[in-house]
Amino acid sequence: MPVPNSAGTAPPRLKAPANACDCHMHIYDGERFPPPRPGARMTSDAAVPQYRLFQQRIGTSRVVVVQPAANHIDNAVTLDALKQLGPQARGIAVVHPSVTDAELKTMQAAGIRGIRFTQFDPNTAATTRDMIEPLAKRAAPLGLHVQIHLRGDQIVDAADLLARLPGTLVFDHLGRLSSGVNDPAFTVLRRLIEKGNTWMKLSGAYMVSGPPDYPDSTPIARAYIAAAPERMVWGSDWPHPTEKDKPDDAALFDLLSDWAPDAATRQRILIDNPAELYGFPK
């Protein structure tokens, strides 16, 4: 059966091991949870039932639901998805400094494990850079990590800020490097990774390279994995909200065979590392 927002129908060549986790995807459910701001871009056919078709095709069973930009700081759609997906799901919320500690604790109890700052496009961003540090200082004592989605040039510009953030730091989509491992942002990210508190999501290959093989993504992913295999996680980015032409999710999953040829390393990326970062049973 075809999966909405995904090209192709064949399963991946790489067989997902039991308890493999998709650590980055979004749920859009515009009928039940319309966007709070008029004109926000929504993705259709991207609710929990459609995502379950994705899981059947790719073979993953654990999942991390990331609050979609269209729903701003109203996390109801993500919290509802966690209820539907059950104990195999965790979530990432988007909040403003006005959120109370009690609200953060309630979200944590519902499965939220981090707060996200997606600011690569200031026109659609729900947060601003000045919010990152104050919220990071409040999130860390609660066991919530900070997830960052910036372009490479923005990472360079915010290097000092990122270096002083407390707690665990997670970067989206290979850091969105525009010129591979020669990108100045790669140096910043490697320095952060070497500190020991920074993780990378091996996701969004189409943000740095093109189909069908996404060749420019491979040296980037391999370099991150070589630096800290114990702090790498994989994500699909389904339903690919940035992409007009939807990618083949089987091909994206198969990239892991090139990025991490060793089966034991893939086991860490797909199962062991997500269990540590998001609190799944080991």
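The table below gives the values:
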read-out	value
Among (1) in contact with a Lys or Arg (Cβ under 7 Å, 6 or more places away or on another chain); (2) under 20 Å from Pro12 (Cα atoms); (3) not small (Gly, Ala, Ser), the one test that Asp262 misses	(1)
Hits in region 226-265 - residues which are free of Cβ contacts under 8 Å to residues at least 12 places away in the same chain and over 26 Å from Arg41 (Cβ atoms)	Ala226, Pro261, Asp262, Ala263, Ala264
Whichever residue in region 268-282 is assigned to a helix (DSSP H, G or I) and among the hydrophobic types (A, V, I, L, M, F, W, C) and, among such residues, is surrounded by the most Cβ atoms within 10 Å (Cβ to Cβ)	Leu270
Criterion: surrounded by fewer than 16 Cβ atoms within 10 Å (Cβ to Cβ), more than 20 Å from Tyr278 (Cβ to Cβ) and either at pLDDT below 95 or not charged (D, E, K, R) (or both) - qualifying residue of Leu189, Leu161, Leu150, Leu177	Leu161
3 or more residues in contact (Cβ under 8 Å) with a residue 40 or more places away in the chain: qualifying strands (runs of 3 or more DSSP E) within region 30-124	62-66, 112-118
Residue, surrounded by the most Cβ atoms within 10 Å (Cβ to Cβ), within region 62-87, restricted to residues that are closer than 18 Å to Asn19 by Cα and under 16 Å from the mean Cα position of the chain (by Cα)	Val63
Selection within region 125-142 - surrounded by fewer than 14 Cβ atoms within 10 Å (Cβ to Cβ) and either in contact with a helix residue (DSSP H, G or I) (Cβ under 7 Å, 6 or more places away or on another chain) or in a loop (DSSP other than H, G, I, E, B) (or both)	Thr128
Number of positions in region 208-247 that are in contact with a Lys or Arg (Cβ under 9 Å, 6 or more places away or on another chain) and modelled with pLDDT under 95	1
Residues within region 198-217 that are under 21 Å from Ile148 (Cα atoms) and touching a residue at least 12 places away in the same chain (Cβ under 8 Å), tallied	12
Among the candidates Arg41, Arg32, Arg62, Arg52, residue that is charged (D, E, K, R) and within 21 Å of Thr242 (Cβ to Cβ)	Arg41
In region 21-46, residue farthest from the chain's Cα centre (by Cα) [restricted to those that are under 30 Å from Lys282 (Cβ atoms) and among the aliphatic types (A, V, I, L, M)]	Ile27
Residue count, region 98-122 (criterion: farther than 20 Å from Pro274 by Cβ, surrounded by 12 or more Cβ atoms within 10 Å (Cβ to Cβ) and more than 15 Å from the chain's Cα centre (by Cα))	5
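The values are calculated or read from the model by the stated rules, or taken from the named source; none is laboratory data. As the structure is a prediction and not an experimental result, all values here were calculated from the model. With ideal geometry, Cβ positions are generated from the backbone for all residues, glycine too; neighbour counts draw on all protein chains shown.
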